[in-house]
Amino acid sequence: MPPIEQPLSLDLKSLTEVLIRHFDIHEGTYQLNLGFRIGVGGFAMDGDPEGNPLPGAMVGVESVSLARISEGMSAPNAVDAALVNPPSKPKAKARVKKVN
């Protein structure tokens with residue numbers, strides 16, 4: 001029997017770190033924001049198009065974004081960009097010796 005494949009997942013803090021690296025941010029503290037879209041209406045719950053619709057709501061995730069938070073503010077999933085994506089050190093230029 002083949003092994004059961006485990007789903008790949010990230011918690012909110014890890015996803016925030018991934019987005020900081022993706023957008024190449026090197027300073028500031030950020031948290032993850034989720035945008036939702038909510039729709040309301042009548043829904044036929046039994047699948048019968050002639051059935052009596054019930055009032056209801058649907059919720060969908062519309063966006064994921066980073067929000068910079070003020071220094072000193074605490075948030076449970078806040079990530080310091082300087083720690084997870086420090087700026088790369090500039091490469092030293094090779095010195096060319098002058099030949100007389």
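Helix 12-22 sits at what angle to the longest principal axis of the chain, using alpha carbons and giving 0 to 90 degrees rounded to 10? For 12-22 against the chain, the angle is about 50 degrees.
Peptides 22-29, 43-50, 65-72, 2-9 ranked from most to least packed by the mean count of surrounding Cβ atoms within 10 Å: 22-29, 65-72, 43-50, 2-9. Each 5 Å bin from zero up to the one holding the largest Cα-Cα distance in the chain carries the following percent of pairs: 2, 10, 12, 11, 9, 8, 9, 10, 9, 6, 4, 3, 2, 1, 1, 1, 1, 1, 0, 0.
Quote the relative contact order of the range 12-84 in percent (integer), defining contacts as alpha-carbon pairs under 8 Å separated by 6+ residues.
Computed over the range 12-84, the figure is 46 percent.
Under the classification rounded if a/c is under 1.5, otherwise prolate if a/b is larger than b/c and oblate if not, where does the range 39-87 fall, given a ≥ b ≥ c as square roots of the Cα gyration tensor eigenvalues? Note, shape of the range 39-87 comes out prolate.
Laboratory data are not the source of any read-out in this text; all were calculated from the coordinates shown. All values derive from a computational prediction rather than experimental measurement. Reconstructed Cβ throughout: ideal geometry from the backbone, glycine too, with neighbour counts over all protein chains shown.
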